[in-house]
1. Here is a list: LEU221, LEU201. Which entry is crowded, with 19+ Cβ neighbours inside 10 Å, at pLDDT 95 or above and in contact with a helix residue (DSSP H, G or I) (Cβ under 8 Å, 6 or more places away or on another chain)?
2. Looking at segment 149-172 only, could you name the residues that are open to solvent by 50 Å² or more (accessible area, probe 1.4 Å), under 16 Å from ALA219 (Cβ atoms) and not polar (S, T, N, Q)?
3. Just checking, does segment 81-95 include any residue being among the acidic types (Asp, Glu) and assigned to a loop (DSSP other than H, G, I, E, B)?
4. Which residue out of ASP110, ASP105, ASP90, ASP80 is open to solvent by 10 Å² or more (accessible area, probe 1.4 Å), modelled with pLDDT of 95 or more and over 18 Å from ALA144 (Cβ atoms)?
5. Could you list, in sequence order, all residues of segment 64-77 that are open to solvent by 40 Å² or more (accessible area, probe 1.4 Å), more than 12 Å from VAL52 (Cα to Cα) and in a loop (DSSP other than H, G, I, E, B)?
6. Find the residue count for segment 200-237, including only residues that are within 13 Å of ALA184 (Cβ to Cβ) and not in a loop (DSSP other than H, G, I, E, B).
Amino acid sequence: MKRRIILIIGLCLALAVAQQQNELLDEDGICTDFVKIDLSTPDINLKELNLVCADLSYANLSGVDLSEADLRGADLSYADLSVAGLSEVDLRGADLRGVDLSYADLSEADLRGANLEYARLGEANLMIADLSGADLSEADLSLADLSHTTLSDADLSSANLFYTDLSYAYLIGTDLSEAYLKGANLEYVNLSYAKLIEADLSDANLSRANLSYADLTDADLSDANLEGADVTEANLTGTGVKNSSGYNGF
């Protein structure tokens, strides 16, 4: 407990100085290093801080409020950010490989180009977040809220999207090959030019989805709802789409 308090005081002092300088660089121009720091103590507020390129890999930031913070290019690989407040945070180009973001609030966050390989985002709130070009391959997004989220050109291959809410989301050109989307809500989603090869879309709601020019080769659409979906020029080879409820091609 004593060590944790010392670490927290040390970080707060470092952050206070960094905030005054509007950057987290030491006198040699090297990014500040907080590897494995533990800030899981309740009521820690790091809101709006500038943490550009900071090394927070393996840090314990569970429950911490980092909303509106600037974490561009930061290394948060394998950190614990479960239940953290990250609304409107700037995580462009950040390293989030293997990070635990389960139950975190990432609403309206900017995650363009971020690396979220193997990240755990179960039941996280990502409403209206921007994940354009992000790498979410093999990430766990089960039961997460990604409604109205932008995921265009992102890599979601082999991702777990079990019963995830993707309604009204933009996934133009997104790679969802071998993704697990069983029971997912994809109502009004834009999946034009997306790659859904061998994806599991069983029981998914694709009503009024835009699937034009998408590649669904060998995708599982059993018991999916495709009512009003646009499948113009989509590749439906091996999908068994005739078994899906409401499918009419428009």
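The values are calculated or read from the model by the stated rules, or taken from the named source; none is laboratory data. These numbers were taken from a predicted model, which means no experiment stands behind them. In this analysis, Cβ positions are derived from the backbone assuming ideal geometry, glycine residues included, and neighbour counts consider all displayed protein chains. The protein model used for the area step is the full one, side chains on, heavy atoms only, and it has no ligands, DNA or RNA in it. Shrake-Rupley method; radii C 1.70, N 1.55, O 1.52, S 1.80 Å.
1. Result of the check over LEU221, LEU201: LEU221.
2. Hit for segment 149-172 is PHE162, nothing else.
3. Yes: one or more hits.
4. Exactly one residue qualifies, and that residue is ASP90.
5. GLU68
6. 4
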